[in-house]
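Here's the structure, in structure tokens; my notes come after.
The values are calculated or read from the model by the stated rules, or taken from the named source; none is laboratory data. Because the structure is a prediction, the values reported are computed rather than measured. A quick note on method: Cβ atoms are made from the backbone with ideal geometry, for glycine too, and the neighbour counts reach across all protein chains shown. These accessible areas exclude ligands, DNA and RNA; they are computed on the full protein's heavy atoms, side chains included. Shrake-Rupley method; radii C 1.70, N 1.55, O 1.52, S 1.80 Å.
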Amino acid sequence: MSSVARFWRKIPQRYNLVGTRCENCGRYYYPPRTLCPQCRRAGRIREHRFSGKGTVVTYTVIRTASEQFEQMTPYVLAIVQLDEGPRLTAQLVCRPEEARIGMRVRPVFRRISADGESGAIHYGTKFAPDTE
Amino acid sequence: MREVAVIGIGCTPFGEKWGSSFRDLFVQAGTLALEDAGISGEEIGAMYVGNMSAGRFIEQEHIGALIADYSGLATAHIPSTRVEAACASGGLAFRQAVIAVASGIEDIVVAAGVEKMTDVGTGASVDALAGAADREWEGFVGATFPGLYAMIAHDYMHKYPLTREELAMVAVKNHYNGARNPIAQFSQEITVETVLSSPLVADPLRLFDCSPITDGAAAVVLAPLDRAREYTDTPVRVLASAQASDTISLHDRRDLSTLDATVVAGKRAFQMAGLTPADIDLVEVHDCFTIAEILAIEDLGFCRKGEAGRLTREGMTALDGDLPVNTSGGLKACGHPVGATGIKQVWEVVQQLRGEAGKRQVDGAEVGMTHNVGGTGATVAVHILGV
Ligand SMILES: [Zn+2]
């Protein structure tokens, strides 16, 4: 099983969609980067909190999962493009038949997984359909 | 740089080999390859072993030394190195062996690949394979390996006119070829209906769109081309060896429906060999999922983007088509012991170029290509072989 410490480090980023922006080229990154892939060492990386509004680029419905996620199947997994540009992989909080490419979404704080019966519970961001 | 040739090949039967251990499998493949090359173990200068996850599947690490030891070579003290790049481990092991011989540092080098995947349950193997993607930003939220390829498939089908039936035809073709390969995991032919009625794994991919969980090993022996005829009458030349990398996470790709690492590795390989796609007589591509074969045919330059589904339906990639793809049955029907796959692809192409592929022989095959992908496209190895 995964150790607590490994995923603990990422809590601010996972809970609040905190990523980074490179002040040299203006690009936004999520997951956060410490080195700008565009400017490399010339980049100037600053923390950035995303609004979380975005669009579904593609999705699937997971029917066979790893042991940690078995009890959640079927669940919708998607690649979401945040309005600032970066993309991330996340679960959608919706019925499988509701999911579609191009759907507008907003972030919601949810339980992601647990390390077995008595292990640590991991929280993070999922996305729900945005009706506004 | 010296020219390099393959002088011997060996492969175990692929499948659920509960009666064989990890060690049994690679010793079997290695012995076949040495016999085929007509060499003894003491002549080996170095070994490179592709293996993705023995630590997860059989709780064994230190695979390089283990393999040399159980090949009876401990007292020979040869350098033996494990190479890991998820499902591209075998392709990279082959490339390392080619580089070792080409450089002049080693003469006779074995490239092998092995994986024993059926010693753990499905959930555990799904999780181990998810390690081929980004554990912290994909696996953490419940992304499985089939799930990531399923998202590629949805993206592709949103952009291009690929039908669900055309996708199924990739699996039908590869099972047809696998049924003509004695080492294949699946020896039965299937129909489009078989694929479309199989359970959904990750929409739109169904069970028969996915390569299976497989045990198996493969090995090949390399030598400098100018010495190859000391060992064999049928040396197969390595015309190109190319490798490329890309983002580990699928969501960071420029285009979800193009594996840029395949595009780049393919171009590098064609440039190195001085050839074009029209010169290739057959290709073993990385069809871990049916959609992956569609991408590979396009990304390697065998047709334009969006055409591979139609061309599959029209038979271009069939055994008797203009460009036979996955004559071995591919990962789909021959099986996919992840670390061994890249070496098995070389095994198949060498057999074809020697004219020893039996019922699946491609007439007059002189130039073949292998394409081995790690993860969802973060590593790609492409090789061109010729007689
Ligand atoms: Zn920058």
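The numbered conditions (1) open to solvent by 10 Å² or more (accessible area, probe 1.4 Å); (2) at the interface with chain B (Cβ under 9 Å from one of its Cβ atoms); (3) without any contact (Cβ under 8 Å) to a residue 24 or more places away in the chain; (4) away from the ligand (no atom under 16 Å from the Cβ) are all true for A:LEU77 except (1).
Within the stretch A:34-73, the set of residues being facing chain B (nearest Cβ under 9 Å) and open to solvent by 70 Å² or more (accessible area, probe 1.4 Å) comprises A:ARG63, A:GLU67, A:GLU70. In the set B:ALA46, B:ALA65, B:ALA37, B:ALA85, only one residue is closer than 23 Å to B:VAL373 by Cβ and of a type in the set (Gly, Ala, Ser); that residue is B:ALA85.
The condition (being within 16 Å of the ligand (Cβ to nearest atom), within 16 Å of the chain's Cα centre (by Cα) and more than 30 Å from B:CYS210 (Cα to Cα)) is satisfied by just one residue among A:GLY52, A:GLY19: A:GLY19. Scanning the stretch B:107-144 for residues that are of a type in the set (Phe, Trp, Tyr) and in contact (Cβ under 8 Å) with a residue 24 or more places away in the chain returns a single hit, B:TRP137.
Results for (1) at pLDDT below 95; (2) among the basic types (Lys, Arg); (3) not in a loop (DSSP other than H, G, I, E, B), shown as yes or no for each residue.
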site	(1), (2), (3)
B:LEU222	no, no, yes
B:ARG237	no, yes, yes
B:ALA240	no, no, yes
B:ALA244	no, no, yes
B:ARG254	no, yes, no
B:PHE270	no, no, yes
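Candidates B:ALA261, B:ALA278: the one that is open to solvent by less than 60 Å² (accessible area, probe 1.4 Å) and either within 14 Å of chain A (Cβ to nearest Cβ) or out of contact with any helix residue (DSSP H, G or I) (no Cβ under 7 Å at 6 or more places or on another chain) (or both) is B:ALA261.
Any residue that is more than 9 Å from chain B (Cβ to nearest Cβ), open to solvent by less than 40 Å² (accessible area, probe 1.4 Å), within 30 Å of B:PRO212 (Cα to Cα) and touching a helix residue (DSSP H, G or I) at 6+ places or on another chain (Cβ under 8 Å) - is there at least one of those in the stretch A:108-119? The answer is yes; a qualifying residue exists. Would you confirm whether any residue within the stretch B:151-166 is among the aromatic types (Phe, Trp, Tyr) and either open to solvent by less than 40 Å² (accessible area, probe 1.4 Å) or within 10 Å of chain A (Cβ to nearest Cβ) (or both)? Yes - at least one qualifying residue is present in the stretch B:151-166. Answer with yes or no whether A:THR60 is free of Cβ contacts under 8 Å to residues at least 24 places away in the same chain, in contact with a His (Cβ under 9 Å, 6 or more places away or on another chain) and either more than 16 Å from the ligand (Cβ to nearest atom) or within 14 Å of A:ALA128 (Cβ to Cβ) (or both). Taking the combined requirement at face value, the residue satisfies it. For the stretch B:167-207, a residue qualifies if it is open to solvent by 20 Å² or more (accessible area, probe 1.4 Å) and part of a helix (DSSP H, G or I), and the qualifying residues are B:MET169, B:VAL172, B:LYS173, B:TYR176, B:VAL192, B:GLU193, B:THR194, B:LEU196, B:LEU207. If I filter the stretch B:208-219 for residues that are open to solvent by less than 10 Å² (accessible area, probe 1.4 Å), of a type in the set (Asp, Glu), away from chain A (no Cβ under 11 Å) and assigned to a strand (DSSP E or B), do I get at least one hit? Within the stretch B:208-219, one or more residues are open to solvent by less than 10 Å² (accessible area, probe 1.4 Å), of a type in the set (Asp, Glu), away from chain A (no Cβ under 11 Å) and assigned to a strand (DSSP E or B). Scoring B:PHE94 on the criteria (1) free of Cβ contacts under 8 Å to residues at least 24 places away in the same chain; (2) crowded, with 23+ Cβ neighbours inside 10 Å; (3) of a type outside the set (A, V, I, L, M) leaves a single failure, condition (1).
Within the option set B:PHE140, B:PHE145, being open to solvent by less than 50 Å² (accessible area, probe 1.4 Å), under 22 Å from the mean Cα position of the chain (by Cα) and within 14 Å of chain A (Cβ to nearest Cβ) holds for one residue only, B:PHE145.
Of the residues making up the stretch B:272-287, those that are part of a loop (DSSP other than H, G, I, E, B) and of a type in the set (A, V, I, L, M, F, W, C) are B:LEU275, B:ILE280, B:VAL285. Mind telling me which of the residues B:GLU84, B:GLU43, B:GLU61, B:GLU35 ends up being closer than 19 Å to B:ALA381 by Cβ and of a type in the set (Asp, Glu)? Just a single option satisfies the conditions, and that option is B:GLU84. Filtering the stretch A:22-29 for residues that are over 30 Å from B:VAL201 (Cβ atoms), more than 16 Å from the ligand (Cβ to nearest atom), free of Cβ contacts under 8 Å to residues at least 60 places away in the same chain and open to solvent by 10 Å² or more (accessible area, probe 1.4 Å) leaves an empty set. The single condition among (1) open to solvent by 10 Å² or more (accessible area, probe 1.4 Å); (2) facing another protein chain (nearest Cβ under 7 Å); (3) over 20 Å from A:GLY19 (Cα atoms) that A:ARG87 does not satisfy is (3).
Just one of the numbered conditions (1) closer than 21 Å to B:PRO199 by Cβ; (2) open to solvent by 50 Å² or more (accessible area, probe 1.4 Å); (3) small (Gly, Ala, Ser) is not true of A:ALA99: (2). Just checking, which of B:ALA86, B:ALA46, B:ALA54, B:ALA74 is buried (at least 21 other Cβ atoms within 10 Å of the Cβ) and out of contact with any helix residue (DSSP H, G or I) (no Cβ under 6 Å at 6 or more places or on another chain)? The conditions single out B:ALA86. Filtering the stretch B:28-54 to residues that are in a helix (DSSP H, G or I) and modelled with pLDDT of 95 or more leaves B:GLN28, B:ALA29, B:GLY30, B:THR31, B:LEU32, B:ALA33, B:LEU34, B:GLU35, B:ASP36, B:ALA37, B:GLU43, B:ALA54. Each residue in the stretch B:79-124 was checked for being within 24 Å of B:GLY15 (Cβ to Cβ) and part of a loop (DSSP other than H, G, I, E, B), and 8 of them qualify.
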